[in-house]
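Everything on this sheet refers to the single structure shown next.
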């Protein structure tokens, strides 16, 4: 089945030694962005192992200092990881904001329960570059030192967005701490300050930047004036900025080409919206999702699939030929109101759409063209809680639990568990597949897993 590609390969800025053709030929062999080559959690050419534990099939594990649940990216022999490290230095006292941002309730029961207090210390925000063969740190770059203006969810951290690359430059967003472009030696090319977010219940920031050709797209949904912005990847200068009538989301934009147009699709509590990458103008929109969208869309055969799963459940399959307001229209191919994900993103392969319920290890598989259930809400007892997005490689679905356990499921219309694999630390970052290797970022270490 033809898979819609989430990147434009023309117009990318390369040196004489890195052409657009080079990138096109290498893209599917690497993991250049959040959710991999096509931004859908799938590696079409990888063949990772199905079984491992701390003493079996672990090629190396490297300690990554600091907080951060962002998924690493990989380009050839280099791995790039974002992190935030708390220093011993105290920052100035927090000052109440007086701008147009909606008021927060730092003393709310949610903030107290989940530890979302404003930090007193200054943090270093940095990027690590590791050698893929050995896990050795080749360099680290501190891009900024700053006291965060608000807290974050206790399971979250201050570095949750994944970097992205065009094979020559590296782009990383630390949200309110800035957007940065580096070369592959860690030298700063440009930086861009988009202001401060004020997230719901001070739960923190998490959307990843998306590179498409020579455009870098950033979503900025928060409790203030939300927007989506497109930056020039070479300079960081603004190309366009479009307001969004949304409160906090943690949605990474999904970029897809269809019938000669490149669409930027972003979910939201109020509306799913599609924008023209070239201009930022709204193409279509649709109501009907539920609170706090996090999961990334997937697409195939002219249909994009949007899901939410907090305080209700919603799945909408929407035609990319759409225009205008689609709410309650026949341009919604099919819908579902049960068993959909809150945090973990789905995967779609060969006509089968897999997704979890809320943040639980409860798996559903449906036919993507019709929504027909093949199996529904099957509990994977070994992974009770899941933040990591689903991954797919070599005919297998990988479900990575917060307890460090990964359940490997065979691709197909019936549920068949192939393996249950346990590591000794928790995992919130999503799996990465390159070649015959699987990479998992735990709470302290990055694991490289490969069959002997």
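Laboratory data are not the source of any read-out in this text; all were calculated from the coordinates shown. Small disclaimer: the values here were computed from a predicted structure and weren't measured. Please note: Cβ atoms are built from the backbone with ideal geometry, for glycine as well, and neighbour counts cover all protein chains shown.
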*Fewest first, what order do 212, 129 take by the number of other Cβ atoms within 10 Å?*
129, 212
*Share of pairwise Cα separations in the stretch 346-452, more than 23 Å, in percent*: 22 percent
*Counting each DSSP H run of 4 or more residues in the chain as -39500 (n - 2.57), what helix-only mean residue ellipticity at 222 nm follows after dividing by all residues, to the nearest 500 deg cm²/dmol?*
-1000 deg cm²/dmol
*Rounded if a/c is under 1.5, else prolate if a/b beats b/c, else oblate: with a ≥ b ≥ c from the C-alpha gyration tensor eigenvalues square-rooted, which is the stretch 199-253?*
prolate
*Taking square-rooted eigenvalues a ≥ b ≥ c of the alpha carbon gyration tensor, is the stretch 261-307 rounded, prolate or oblate, where a/c under 1.5 means rounded and, failing that, a/b exceeding b/c means prolate?*
oblate
*asked:* Please report the antiparallel percentage of DSSP beta bridges with both residues in the chain, rounded to the nearest 5.
replied: 95 percent
*Quick one: 64, 122, 266, fewest Cβ neighbours within 10 Å first, how do they rank?*
122, 64, 266
*Considering the alpha-carbon set of the stretch 20-450 alone, what are its Rg and its Dmax in angstrom?*
20.2, 58
*Find how many whole Å separate the alpha carbon centroid of the stretch 307-342 from the alpha carbon centroid of the stretch 369-414.*
21 Å
*Counting only C-alpha contacts under 8 Å and six or more residues apart, can you give the relative contact order of the chain as a whole percent?*
16 percent
